[in-house]
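*Asks:* Below: one structure in structure tokens.
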Amino acid sequence: MSASDGKKSVVQLLKFVLIGVSNTLIDLLITLALNAIFGIYYLAKIIGYVCGVINSYFWNSSWTFREERRRDTKEIVSFLIVNLVTLGLSLLLQWLFRDRLHLDAWWMNAIGDNVFTRILNGERFCLLLASGVALIVNFIGNKLFVFTGTKAVEPEQTEE
């Protein structure tokens, strides 16, 4: 890997993180709204995540990995697979953090009942932790398996 490749990867990571923040906000807002309205935590998370994935593909294929994109069936299927794996990981981590490790209760006890914990309560804390880990895994998956820059060879056109 050359220095320019390293710099390019860092720039891509920064773009990916910015898009990831927007995906996370979309995901969180939809998840929290659907959960508040219908009380369907995990289904709400799936719906919120799908909305974030749509946003992610649009911006990452148009901006972050513009030079590497192919916008073909293989790329879209690979993108969906990476994101389904990331969704599974995110759900697993949320379950682990909230239901097994009880980090939601730990967070509330450690920080106390105040204005901050009313905004970032224990459940949201676990969601945020899981989302942070998922973002890193998702970047690596997209960089290594989706936006690889290997385009299909187009047949040469001859002039007549």
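The values are calculated or read from the model by the stated rules, or taken from the named source; none is laboratory data. Computed from a predicted structure; not experimentally measured. Please note: Cβ atoms are built from the backbone with ideal geometry, for glycine as well, and neighbour counts cover all protein chains shown. Side chains included, ligands, DNA and RNA excluded: accessible areas come from the protein's heavy atoms. Shrake-Rupley method; radii C 1.70, N 1.55, O 1.52, S 1.80 Å.
*Asks:* Within the group VAL53, VAL77, VAL85, VAL115, which residue is within 24 Å of LEU129 (Cβ to Cβ) and surrounded by fewer than 14 Cβ atoms within 10 Å (Cβ to Cβ)? Break it down into steps so the answer makes sense when it comes.
*Replies:* On the way: VAL53 fails: surrounded by fewer than 14 Cβ atoms within 10 Å (Cβ to Cβ); VAL77 fails: within 24 Å of LEU129 (Cβ to Cβ); VAL85 fails: surrounded by fewer than 14 Cβ atoms within 10 Å (Cβ to Cβ).
Just a single option satisfies the conditions, and that option is VAL115.
*Asks:* Among the residues of segment 96-103, is any basic (Lys, Arg), under 20 Å from LEU43 (Cα atoms) and either in contact with a His (Cβ under 8 Å, 6 or more places away or on another chain) or open to solvent by 100 Å² or more (accessible area, probe 1.4 Å) (or both)? Reasoning before the result, please.
*Replies:* First, pick out the residues of segment 96-103 that are basic (Lys, Arg): 98, 100.
Pick out the ones that are also under 20 Å from LEU43 (Cα atoms) and you get 98, 100.
Retained after the next criterion (residues that are either in contact with a His (Cβ under 8 Å, 6 or more places away or on another chain) or open to solvent by 100 Å² or more (accessible area, probe 1.4 Å) (or both)): 100.
Within segment 96-103 (the criterion being basic (Lys, Arg), under 20 Å from LEU43 (Cα atoms) and either in contact with a His (Cβ under 8 Å, 6 or more places away or on another chain) or open to solvent by 100 Å² or more (accessible area, probe 1.4 Å) (or both)), the answer is yes, since at least one residue qualifies.
*Asks:* Name the residue that is nearest to GLN94 (Cα to Cα), counting only residues in segment 108-129 that are more than 24 Å from the chain's Cα centre (by Cα) and of a type in the set (A, V, I, L, M).
*Replies:* Checking each candidate, the answer is MET108.
*Asks:* Which residues, taken from segment 1-44, are within 16 Å of GLY132 (Cβ to Cβ) and of a type in the set (S, T, N, Q)?
*Replies:* Once the filter is applied, which keeps residues that are within 16 Å of GLY132 (Cβ to Cβ) and of a type in the set (S, T, N, Q), segment 1-44 yields SER22, ASN23, THR24, THR31.
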